[in-house]
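Structure record follows, encoded as C-alpha coordinates.
The values are calculated or read from the model by the stated rules, or taken from the named source; none is laboratory data. Here the structure is a predicted model, which means the values were calculated and not measured. Every residue, glycine among them, receives a Cβ derived from its backbone with ideal geometry; neighbour counts consider all protein chains shown.
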Ligand code: MN
(Lines give C-alpha, C1' and ligand atoms only; values in the text may rest on other atoms or scores of the structure.)
Protein backbone atom coordinates (compact mmCIF):
# COMPACT_ATOMS: atom_id res chain seq x y z
CA UNK A 1 0.00 0.00 0.00
CA UNK A 2 1.24 3.47 -0.90
CA UNK A 3 0.16 6.77 0.62
CA UNK A 4 -0.85 8.06 -2.83
CA UNK A 5 -3.60 5.45 -2.96
CA UNK A 6 -4.94 6.56 0.42
CA UNK A 7 -4.96 10.20 -0.71
CA UNK A 8 -6.64 9.32 -3.99
CA UNK A 9 -9.34 7.33 -2.23
CA UNK A 10 -9.94 10.19 0.21
CA UNK A 11 -10.20 12.70 -2.61
CA UNK A 12 -12.82 10.61 -4.40
CA UNK A 13 -15.21 11.42 -1.58
CA UNK A 14 -13.87 14.81 -0.55
CA UNK A 15 -12.74 16.57 -3.75
CA UNK A 16 -12.83 20.06 -2.20
CA UNK A 17 -10.63 19.31 0.79
CA UNK A 18 -6.87 19.81 0.97
CA UNK A 19 -5.38 16.37 1.64
CA UNK A 20 -1.79 17.54 2.22
CA UNK A 21 -2.00 16.80 5.95
CA UNK A 22 -2.41 13.09 5.08
CA UNK A 23 0.99 13.13 3.38
CA UNK A 24 2.53 14.95 6.36
CA UNK A 25 1.03 12.43 8.79
CA UNK A 26 2.39 9.62 6.66
CA UNK A 27 5.94 11.03 6.77
CA UNK A 28 5.68 11.45 10.53
CA UNK A 29 4.33 7.92 11.14
CA UNK A 30 6.74 6.35 8.67
CA UNK A 31 9.71 7.90 10.44
CA UNK A 32 8.37 6.96 13.88
CA UNK A 33 7.83 3.30 12.89
CA UNK A 34 11.16 3.14 11.03
CA UNK A 35 12.85 -0.23 11.50
CA UNK A 36 9.74 -1.94 12.95
CA UNK A 37 8.39 -4.97 11.14
CA UNK A 38 5.04 -6.77 11.09
CA UNK A 39 4.92 -10.51 11.84
CA UNK A 40 4.72 -11.02 8.07
CA UNK A 41 8.10 -9.30 7.67
CA UNK A 42 6.58 -6.22 6.02
CA UNK A 43 7.54 -2.75 7.23
CA UNK A 44 5.20 -1.80 10.11
CA UNK A 45 3.93 1.32 8.30
CA UNK A 46 1.92 -0.95 5.99
CA UNK A 47 -0.53 -1.57 8.83
CA UNK A 48 -1.47 2.10 9.49
CA UNK A 49 -1.50 2.68 5.73
CA UNK A 50 -4.07 -0.06 5.20
CA UNK A 51 -6.07 1.13 8.19
CA UNK A 52 -6.20 4.64 6.72
CA UNK A 53 -7.16 3.23 3.33
CA UNK A 54 -10.11 1.27 4.72
CA UNK A 55 -11.20 4.43 6.54
CA UNK A 56 -11.04 6.42 3.30
CA UNK A 57 -13.09 3.68 1.65
CA UNK A 58 -15.87 4.03 4.19
CA UNK A 59 -15.92 7.79 3.48
CA UNK A 60 -14.39 8.85 6.80
CA UNK A 61 -13.47 12.51 7.21
CA UNK A 62 -9.96 14.02 7.08
CA UNK A 63 -9.24 13.93 10.82
CA UNK A 64 -10.25 10.27 11.02
CA UNK A 65 -8.07 9.19 8.08
CA UNK A 66 -5.09 11.08 9.55
CA UNK A 67 -5.70 9.57 13.00
CA UNK A 68 -5.82 6.16 11.29
CA UNK A 69 -2.28 6.73 10.01
CA UNK A 70 -1.09 7.80 13.45
CA UNK A 71 -3.05 5.34 15.57
CA UNK A 72 -0.12 3.17 16.71
CA UNK A 73 2.45 5.95 17.07
CA UNK A 74 2.11 6.85 20.80
CA UNK A 75 1.80 3.19 21.83
CA UNK A 76 4.58 1.64 19.76
CA UNK A 77 7.16 4.37 19.05
CA UNK A 78 9.23 7.04 20.78
CA UNK A 79 6.86 9.74 19.59
CA UNK A 80 4.27 10.72 22.21
CA UNK A 81 0.67 11.79 22.13
CA UNK A 82 1.92 15.26 23.01
CA UNK A 83 4.00 15.30 19.81
CA UNK A 84 0.89 14.36 17.84
CA UNK A 85 -1.07 17.12 19.52
CA UNK A 86 1.54 19.80 18.78
CA UNK A 87 1.89 18.78 15.15
CA UNK A 88 -1.67 17.84 14.23
CA UNK A 89 -3.89 19.64 16.72
CA UNK A 90 -6.27 18.55 19.49
CA UNK A 91 -9.00 16.93 17.35
CA UNK A 92 -6.68 14.38 15.75
CA UNK A 93 -4.80 13.87 19.04
CA UNK A 94 -8.06 13.07 20.85
CA UNK A 95 -8.96 10.46 18.23
CA UNK A 96 -5.51 8.86 18.47
CA UNK A 97 -5.74 8.86 22.26
CA UNK A 98 -9.13 7.15 22.12
CA UNK A 99 -7.76 4.37 19.91
CA UNK A 100 -4.68 3.97 22.11
CA UNK A 101 -6.88 3.50 25.17
CA UNK A 102 -8.90 0.84 23.38
CA UNK A 103 -5.70 -0.81 22.20
CA UNK A 104 -5.39 -2.80 25.36
CA UNK A 105 -8.48 -4.84 24.57
CA UNK A 106 -7.55 -8.48 24.68
CA UNK A 107 -9.61 -11.55 25.26
CA UNK A 108 -8.70 -13.02 28.65
CA UNK A 109 -11.71 -14.91 29.92
CA UNK A 110 -15.09 -13.60 30.82
CA UNK A 111 -14.07 -10.85 33.27
CA UNK A 112 -11.76 -9.15 30.85
CA UNK A 113 -14.36 -9.59 28.16
CA UNK A 114 -16.83 -7.53 30.16
CA UNK A 115 -14.22 -4.88 30.85
CA UNK A 116 -13.48 -4.71 27.14
CA UNK A 117 -17.09 -4.27 26.20
CA UNK A 118 -17.44 -1.49 28.68
CA UNK A 119 -14.38 0.22 27.26
CA UNK A 120 -15.82 0.01 23.77
CA UNK A 121 -19.06 1.58 24.83
CA UNK A 122 -17.36 4.35 26.70
CA UNK A 123 -15.20 5.12 23.68
CA UNK A 124 -18.33 5.19 21.56
CA UNK A 125 -19.91 7.64 23.89
CA UNK A 126 -16.99 10.06 23.61
CA UNK A 127 -16.48 10.01 19.83
CA UNK A 128 -17.77 7.31 17.53
CA UNK A 129 -15.01 8.01 15.04
CA UNK A 130 -12.63 6.28 17.47
CA UNK A 131 -14.62 3.09 16.98
CA UNK A 132 -14.36 3.38 13.20
CA UNK A 133 -10.58 3.63 13.44
CA UNK A 134 -10.47 0.68 15.81
CA UNK A 135 -12.65 -1.39 13.44
CA UNK A 136 -10.50 -0.66 10.41
CA UNK A 137 -7.38 -1.40 12.48
CA UNK A 138 -8.95 -4.72 13.49
CA UNK A 139 -9.98 -5.59 9.95
CA UNK A 140 -6.44 -5.13 8.68
CA UNK A 141 -5.13 -7.25 11.56
CA UNK A 142 -7.63 -9.96 10.66
CA UNK A 143 -6.56 -9.95 7.05
CA UNK A 144 -2.98 -10.62 8.13
CA UNK A 145 -3.97 -13.14 10.80
CA UNK A 146 -2.25 -16.11 9.16
CA UNK A 147 1.10 -14.81 10.37
CA UNK A 148 0.17 -15.53 13.99
CA UNK A 149 0.25 -18.86 15.84
CA UNK A 150 -3.06 -20.81 15.47
CA UNK A 151 -4.10 -20.41 19.11
CA UNK A 152 -3.77 -16.67 18.91
CA UNK A 153 -5.63 -16.59 15.60
CA UNK A 154 -8.56 -18.36 17.21
CA UNK A 155 -8.62 -16.08 20.21
CA UNK A 156 -8.61 -12.95 18.07
CA UNK A 157 -11.29 -14.39 15.79
CA UNK A 158 -13.48 -15.26 18.74
CA UNK A 159 -13.11 -11.84 20.30
CA UNK A 160 -13.94 -10.25 16.95
CA UNK A 161 -17.11 -12.29 16.53
CA UNK A 162 -18.19 -11.45 20.05
CA UNK A 163 -17.29 -7.82 20.39
CA UNK A 164 -16.45 -6.14 17.12
CA UNK A 165 -18.81 -7.68 14.58
CA UNK A 166 -22.03 -7.09 16.56
CA UNK A 167 -21.09 -3.48 17.20
CA UNK A 168 -20.24 -2.97 13.53
CA UNK A 169 -23.73 -4.29 12.81
CA UNK A 170 -25.27 -1.87 15.24
CA UNK A 171 -23.45 1.00 13.60
CA UNK A 172 -24.78 -0.21 10.26
CA UNK A 173 -21.32 -0.76 8.78
CA UNK A 174 -22.44 -3.87 6.92
CA UNK A 175 -19.28 -4.10 4.90
CA UNK A 176 -16.93 -4.28 7.90
CA UNK A 177 -19.25 -6.67 9.70
CA UNK A 178 -19.44 -9.17 6.82
CA UNK A 179 -15.74 -9.09 6.16
CA UNK A 180 -14.90 -9.59 9.82
CA UNK A 181 -17.40 -12.40 10.23
CA UNK A 182 -16.25 -14.37 7.22
CA UNK A 183 -12.59 -14.15 8.17
CA UNK A 184 -13.39 -15.28 11.73
CA UNK A 185 -15.70 -18.02 10.49
CA UNK A 186 -12.86 -19.39 8.39
CA UNK A 187 -10.42 -19.31 11.31
CA UNK A 188 -12.77 -20.81 13.91
CA UNK A 189 -14.64 -23.38 11.81
CA UNK A 190 -12.41 -24.08 8.80
CA UNK A 191 -14.16 -27.31 7.73
CA UNK A 192 -17.62 -25.79 7.73
CA UNK A 193 -16.34 -22.69 6.00
CA UNK A 194 -14.80 -24.63 3.14
CA UNK A 195 -17.80 -26.90 2.80
CA UNK A 196 -20.17 -23.95 2.48
CA UNK A 197 -17.82 -22.05 0.25
CA UNK A 198 -17.70 -24.99 -2.13
CA UNK A 199 -21.46 -25.43 -2.21
CA UNK A 200 -21.96 -21.74 -2.65
CA UNK A 201 -19.27 -20.93 -5.16
CA UNK A 202 -19.15 -24.08 -7.22
CA UNK A 203 -22.25 -26.22 -6.97
CA UNK A 204 -24.84 -23.51 -7.04
CA UNK A 205 -23.23 -21.00 -9.32
CA UNK A 206 -24.64 -22.09 -12.66
CA UNK A 207 -28.13 -22.62 -11.34
CA UNK A 208 -28.06 -19.23 -9.67
CA UNK A 209 -26.81 -17.41 -12.74
CA UNK A 210 -29.45 -18.97 -14.95
CA UNK A 211 -32.20 -18.06 -12.50
CA UNK A 212 -31.16 -14.43 -12.35
CA UNK A 213 -30.79 -14.23 -16.05
CA UNK A 214 -34.42 -15.33 -16.36
CA UNK A 215 -35.59 -12.93 -13.71
CA UNK A 216 -33.78 -9.97 -15.20
CA UNK A 217 -34.96 -10.70 -18.72
CA UNK A 218 -38.55 -10.36 -17.50
CA UNK A 219 -37.96 -7.32 -15.32
CA UNK A 220 -35.71 -5.11 -17.45
CA UNK A 221 -38.17 -4.51 -20.34
CA UNK A 222 -40.83 -3.37 -17.85
CA UNK A 223 -38.38 -1.03 -16.13
CA UNK A 224 -37.24 0.36 -19.49
CA UNK A 225 -40.86 0.91 -20.48
CA UNK A 226 -41.52 2.96 -17.34
CA UNK A 227 -38.58 5.27 -18.08
CA UNK A 228 -37.10 4.61 -14.66
CA UNK A 229 -33.34 4.98 -14.29
CA UNK A 230 -32.02 1.98 -12.41
CA UNK A 231 -29.13 -0.21 -11.54
CA UNK A 232 -29.69 -3.86 -10.80
CA UNK A 233 -27.35 -6.19 -8.96
CA UNK A 234 -27.35 -9.52 -7.19
CA UNK A 235 -26.79 -9.42 -3.46
CA UNK A 236 -25.26 -12.53 -1.92
CA UNK A 237 -25.52 -13.39 1.71
CA UNK A 238 -22.07 -13.81 3.21
CA UNK A 239 -21.05 -17.29 4.31
CA UNK A 240 -21.19 -16.73 8.05
CA UNK A 241 -24.76 -15.47 7.91
CA UNK A 242 -25.81 -18.54 5.90
CA UNK A 243 -24.09 -20.72 8.46
CA UNK A 244 -25.85 -18.96 11.32
CA UNK A 245 -29.19 -19.26 9.62
CA UNK A 246 -28.65 -22.98 9.05
CA UNK A 247 -27.84 -23.37 12.73
CA UNK A 248 -30.68 -21.25 14.05
CA UNK A 249 -33.35 -22.87 11.92
CA UNK A 250 -31.65 -26.26 11.95
CA UNK A 251 -31.70 -26.35 8.15
CA UNK A 252 -29.56 -27.63 5.33
CA UNK A 253 -27.91 -25.33 2.83
CA UNK A 254 -30.45 -26.20 0.13
CA UNK A 255 -33.31 -25.16 2.38
CA UNK A 256 -32.07 -21.61 2.85
CA UNK A 257 -33.86 -19.82 0.08
CA UNK A 258 -32.71 -16.26 0.63
CA UNK A 259 -28.98 -16.83 0.16
CA UNK A 260 -29.25 -14.27 -2.58
CA UNK A 261 -31.50 -11.36 -3.45
CA UNK A 262 -31.88 -8.81 -6.19
CA UNK A 263 -31.04 -5.24 -5.40
CA UNK A 264 -32.50 -2.39 -7.35
CA UNK A 265 -30.91 1.03 -6.99
CA UNK A 266 -32.92 4.00 -8.27
CA UNK A 267 -32.43 7.80 -8.10
CA UNK A 268 -35.17 8.95 -5.72
CA UNK A 269 -37.45 7.74 -2.95
CA UNK A 270 -40.44 8.14 -5.28
CA UNK A 271 -38.71 5.84 -7.76
CA UNK A 272 -38.33 3.21 -5.01
CA UNK A 273 -42.10 2.92 -4.64
CA UNK A 274 -42.58 3.08 -8.40
CA UNK A 275 -40.16 0.19 -8.87
CA UNK A 276 -41.95 -1.75 -6.14
CA UNK A 277 -45.22 -1.31 -8.02
CA UNK A 278 -43.68 -2.64 -11.21
CA UNK A 279 -42.28 -5.71 -9.45
CA UNK A 280 -45.59 -6.47 -7.76
CA UNK A 281 -47.48 -6.27 -11.05
CA UNK A 282 -45.16 -8.84 -12.63
CA UNK A 283 -44.95 -11.30 -9.73
CA UNK A 284 -47.20 -11.97 -6.77
CA UNK A 285 -45.69 -10.80 -3.49
CA UNK A 286 -45.40 -13.29 -0.66
CA UNK A 287 -47.78 -12.23 2.14
CA UNK A 288 -46.22 -10.62 5.24
CA UNK A 289 -42.82 -10.29 3.62
CA UNK A 290 -43.08 -6.68 2.47
CA UNK A 291 -41.13 -4.30 4.69
CA UNK A 292 -40.96 -0.54 4.35
CA UNK A 293 -37.72 0.42 6.03
CA UNK A 294 -37.84 3.75 4.23
CA UNK A 295 -40.90 4.96 6.14
CA UNK A 296 -39.72 3.15 9.29
CA UNK A 297 -35.91 2.72 9.27
CA UNK A 298 -34.20 0.03 11.35
CA UNK A 299 -32.62 1.18 14.65
CA UNK A 300 -29.18 1.23 13.02
CA UNK A 301 -30.48 3.63 10.37
CA UNK A 302 -30.92 1.04 7.61
CA UNK A 303 -33.39 2.11 4.88
CA UNK A 304 -34.77 0.10 1.94
CA UNK A 305 -37.94 -1.49 0.66
CA UNK A 306 -37.94 -5.28 0.96
CA UNK A 307 -40.35 -7.60 -0.75
CA UNK A 308 -40.32 -11.32 -1.46
CA UNK A 309 -42.05 -12.45 -4.63
CA UNK A 310 -43.01 -15.75 -6.24
CA UNK A 311 -40.63 -15.58 -9.20
CA UNK A 312 -40.01 -17.75 -12.24
CA UNK A 313 -40.00 -21.53 -11.62
CA UNK A 314 -42.06 -20.84 -8.49
CA UNK A 315 -38.94 -19.79 -6.62
CA UNK A 316 -39.28 -17.09 -4.01
CA UNK A 317 -36.84 -14.24 -4.31
CA UNK A 318 -36.25 -11.13 -2.28
CA UNK A 319 -35.96 -7.68 -3.82
CA UNK A 320 -34.31 -4.79 -2.00
CA UNK A 321 -35.10 -1.38 -3.45
CA UNK A 322 -33.23 1.76 -2.40
CA UNK A 323 -31.51 4.96 -3.50
CA UNK A 324 -27.74 5.28 -3.95
CA UNK A 325 -27.46 7.19 -0.69
CA UNK A 326 -29.37 4.51 1.23
CA UNK A 327 -27.20 1.91 -0.44
CA UNK A 328 -23.96 3.50 0.67
CA UNK A 329 -25.31 4.02 4.17
CA UNK A 330 -26.09 0.32 4.38
CA UNK A 331 -22.49 -0.52 3.51
CA UNK A 332 -20.60 2.23 5.28
CA UNK A 333 -23.07 2.90 8.07
CA UNK A 334 -22.94 6.09 10.05
CA UNK A 335 -19.74 7.00 8.32
CA UNK A 336 -21.63 7.49 5.03
CA UNK A 337 -24.59 9.01 6.83
CA UNK A 338 -22.38 11.73 8.29
CA UNK A 339 -20.68 12.15 4.93
CA UNK A 340 -23.97 12.94 3.18
CA UNK A 341 -25.00 15.26 5.99
CA UNK A 342 -21.75 17.16 5.62
CA UNK A 343 -22.22 17.34 1.86
CA UNK A 344 -25.48 19.16 2.53
CA UNK A 345 -23.78 21.48 5.00
CA UNK A 346 -25.38 19.82 8.02
CA UNK A 347 -22.30 19.20 10.15
CA UNK A 348 -22.93 16.37 12.60
CA UNK A 349 -21.24 13.41 14.21
CA UNK A 350 -24.31 12.46 16.11
CA UNK A 351 -24.42 8.93 17.40
CA UNK A 352 -27.54 6.79 16.84
CA UNK A 353 -30.04 6.77 19.68
CA UNK A 354 -29.00 3.38 21.05
CA UNK A 355 -25.60 4.83 21.91
CA UNK A 356 -27.39 7.46 23.99
CA UNK A 357 -29.34 4.67 25.64
CA UNK A 358 -26.14 2.86 26.51
CA UNK A 359 -24.72 6.03 28.00
CA UNK A 360 -27.83 6.34 30.14
CA UNK A 361 -27.53 2.72 31.31
CA UNK A 362 -23.89 3.37 32.05
CA UNK A 363 -24.85 6.26 34.33
CA UNK A 364 -27.36 4.16 36.22
CA UNK A 365 -25.43 0.93 36.54
CA UNK A 366 -21.84 1.19 37.68
CA UNK A 367 -21.37 -2.54 38.27
CA UNK A 368 -19.63 -3.84 35.13
CA UNK A 369 -21.27 -7.26 35.27
CA UNK A 370 -24.76 -5.91 35.46
CA UNK A 371 -24.08 -3.26 32.88
CA UNK A 372 -22.87 -5.78 30.35
CA UNK A 373 -25.67 -8.19 31.19
CA UNK A 374 -28.21 -5.47 30.53
CA UNK A 375 -26.86 -4.38 27.16
CA UNK A 376 -26.06 -7.93 26.13
CA UNK A 377 -29.72 -8.79 26.44
CA UNK A 378 -30.70 -6.21 23.86
CA UNK A 379 -27.65 -5.85 21.74
CA UNK A 380 -25.61 -9.00 21.59
CA UNK A 381 -26.77 -12.22 20.17
CA UNK A 382 -27.25 -14.99 22.68
CA UNK A 383 -24.47 -17.36 21.67
CA UNK A 384 -21.40 -18.56 23.54
CA UNK A 385 -18.11 -20.03 22.36
CA UNK A 386 -16.43 -22.87 24.24
CA UNK A 387 -13.20 -24.73 23.59
CA UNK A 388 -12.36 -28.41 23.46
CA UNK A 389 -9.12 -29.50 25.20
CA UNK A 390 -7.44 -29.37 21.79
CA UNK A 391 -8.51 -25.77 21.35
CA UNK A 392 -11.27 -26.39 18.79
CA UNK A 393 -14.06 -23.88 19.09
CA UNK A 394 -17.74 -24.76 19.42
CA UNK A 395 -20.56 -22.28 19.14
CA UNK A 396 -23.52 -23.05 21.41
CA UNK A 397 -26.67 -21.23 22.53
CA UNK A 398 -26.48 -19.42 25.83
CA UNK A 399 -27.41 -21.75 28.70
CA UNK A 400 -25.91 -24.79 26.97
CA UNK A 401 -24.49 -27.53 29.20
CA UNK A 402 -21.54 -29.94 28.94
CA UNK A 403 -23.96 -32.54 27.50
CA UNK A 404 -24.82 -30.15 24.65
CA UNK A 405 -21.14 -29.63 24.12
CA UNK A 406 -20.47 -33.39 24.13
CA UNK A 407 -23.08 -33.97 21.43
CA UNK A 408 -21.74 -31.06 19.42
CA UNK A 409 -18.35 -32.79 19.39
CA UNK A 410 -19.64 -36.27 18.50
CA UNK A 411 -22.70 -38.43 19.20
CA UNK A 412 -20.51 -41.07 20.79
CA UNK A 413 -18.97 -38.59 23.18
CA UNK A 414 -22.47 -37.51 24.17
CA UNK A 415 -23.81 -41.03 24.57
CA UNK A 416 -20.92 -42.15 26.74
CA UNK A 417 -20.44 -39.01 28.83
CA UNK A 418 -20.18 -39.61 32.56
CA UNK A 419 -18.53 -36.46 33.83
CA UNK A 420 -16.85 -33.23 32.84
CA UNK A 421 -13.86 -31.07 33.60
CA UNK A 422 -14.49 -27.37 33.04
CA UNK A 423 -11.44 -25.09 33.12
CA UNK A 424 -9.38 -27.75 34.88
CA UNK A 425 -11.98 -28.33 37.58
CA UNK A 426 -14.41 -31.15 38.02
CA UNK A 427 -17.85 -29.91 36.98
CA UNK A 428 -21.40 -31.20 36.56
CA UNK A 429 -22.97 -32.36 33.33
CA UNK A 430 -25.97 -30.08 33.87
CA UNK A 431 -24.07 -26.90 34.68
CA UNK A 432 -24.40 -23.85 32.47
CA UNK A 433 -21.35 -23.27 30.31
CA UNK A 434 -19.84 -19.82 30.03
CA UNK A 435 -18.19 -18.04 27.19
CA UNK A 436 -14.56 -19.06 26.80
CA UNK A 437 -14.81 -22.20 28.97
CA UNK A 438 -12.48 -25.08 28.23
CA UNK A 439 -14.56 -28.25 28.39
CA UNK A 440 -13.21 -31.78 28.65
CA UNK A 441 -15.83 -34.56 28.67
CA UNK A 442 -15.06 -37.71 30.65
CA UNK A 443 -16.43 -40.78 28.90
CA UNK A 444 -16.99 -44.33 29.99
CA UNK A 445 -16.43 -46.58 27.00
CA UNK A 446 -18.76 -49.31 28.22
CA UNK A 447 -21.62 -46.99 29.07
CA UNK A 448 -24.59 -48.48 27.22
CA UNK A 449 -26.73 -45.40 26.58
CA UNK A 450 -27.27 -41.75 27.51
CA UNK A 451 -29.28 -40.68 30.53
CA UNK A 452 -32.92 -39.86 29.82
CA UNK A 453 -32.91 -37.22 32.55
CA UNK A 454 -30.53 -35.14 30.47
CA UNK A 455 -33.55 -34.12 28.41
CA UNK A 456 -34.56 -31.93 31.34
CA UNK A 457 -31.64 -29.56 30.89
CA UNK A 458 -30.09 -29.84 27.40
CA UNK A 459 -30.53 -26.80 25.16
CA UNK A 460 -29.59 -27.93 21.66
CA UNK A 461 -31.81 -29.80 19.26
CA UNK A 462 -28.94 -32.06 18.35
CA UNK A 463 -28.51 -33.30 21.93
CA UNK A 464 -32.27 -33.71 22.41
CA UNK A 465 -32.66 -35.73 19.20
CA UNK A 466 -29.80 -38.07 20.03
CA UNK A 467 -30.99 -38.72 23.57
CA UNK A 468 -34.58 -39.33 22.44
CA UNK A 469 -33.36 -41.66 19.74
CA UNK A 470 -31.69 -43.79 22.38
CA UNK A 471 -34.61 -43.55 24.77
CA UNK A 472 -36.93 -44.88 22.08
CA UNK A 473 -34.58 -47.68 21.23
CA UNK A 474 -34.08 -48.72 24.84
CA UNK A 475 -37.85 -48.77 25.49
CA UNK A 476 -38.15 -51.04 22.49
CA UNK A 477 -35.30 -53.20 23.78
CA UNK A 478 -37.06 -53.51 27.13
CA UNK A 479 -40.30 -54.52 25.52
CA UNK A 480 -38.41 -57.09 23.51
CA UNK A 481 -36.71 -58.36 26.62
CA UNK A 482 -39.91 -58.74 28.64
CA UNK A 483 -42.03 -60.14 25.85
CA UNK A 484 -39.59 -62.51 24.19
CA UNK A 485 -41.87 -63.49 21.33
CA UNK A 486 -42.43 -59.98 20.01
CA UNK A 487 -39.39 -59.92 17.82
CA UNK A 488 -40.37 -62.82 15.68
MN1 LIG B 1 -3.04 -0.98 14.94
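Taking the range 385-469 as the region of interest, the strands (runs of 3 or more DSSP E) fully inside it that hold 2 or more residues being closer than 22 Å to residue 249 by Cβ are 393-397. The single condition from (1) touching a helix residue (DSSP H, G or I) at 6+ places or on another chain (Cβ under 7 Å); (2) in contact (Cβ under 8 Å) with a residue 40 or more places away in the chain that residue 150 fails is (1). The set of residues in the range 2-54 being within 16 Å of the ligand (Cβ to nearest atom) and either over 18 Å from residue 64 (Cα atoms) or touching a strand residue (DSSP E or B) at 6+ places or on another chain (Cβ under 8 Å) (or both) consists of 32, 33, 36, 37, 38, 39, 40, 42, 43, 44. Within the range 39-66, restricting attention to residues that are touching a helix residue (DSSP H, G or I) at 6+ places or on another chain (Cβ under 7 Å) and assigned to a loop (DSSP other than H, G, I, E, B), the residue that is modelled with the highest pLDDT is 45.
Considering (1) away from the ligand (no atom under 16 Å from the Cβ); (2) under 21 Å from the mean Cα position of the chain (by Cα); (3) at pLDDT below 80; (4) surrounded by fewer than 19 Cβ atoms within 10 Å (Cβ to Cβ), the lone condition that residue 117 does not fulfil carries the number (4).
Can you give me the number of residues within the range 73-95 that are part of a loop (DSSP other than H, G, I, E, B) and in contact (Cβ under 8 Å) with a residue 40 or more places away in the chain? Total meeting the criteria: 3. When the range 230-253 is filtered for residues that are crowded, with 17+ Cβ neighbours inside 10 Å and in a strand (DSSP E or B), only 232 remains.
Being under 17 Å from residue 238 (Cβ atoms) and assigned to a loop (DSSP other than H, G, I, E, B), is that true of even one residue in the range 173-195?
The first filter runs over the range 173-195 and keeps only residues under 17 Å from residue 238 (Cβ atoms), leaving 173-190, 192-195.
Cutting the leftovers down to assigned to a loop (DSSP other than H, G, I, E, B) gives us 173, 189.
There is at least one residue in the range 173-195 that is under 17 Å from residue 238 (Cβ atoms) and assigned to a loop (DSSP other than H, G, I, E, B).
Does the range 466-488 hold any residues that are surrounded by 10 or more Cβ atoms within 10 Å (Cβ to Cβ), modelled with pLDDT under 90 and either closer than 16 Å to residue 402 by Cα or in contact with a helix residue (DSSP H, G or I) (Cβ under 8 Å, 6 or more places away or on another chain) (or both), and which are they? Correct list: 466, 468, 470, 471, 479, 480, 486. Applying the condition of being closer than 19 Å to residue 330 by Cβ and at pLDDT below 85 to the range 296-318 and asking which residue is nearest to the chain's Cα centre (by Cα) yields 300.
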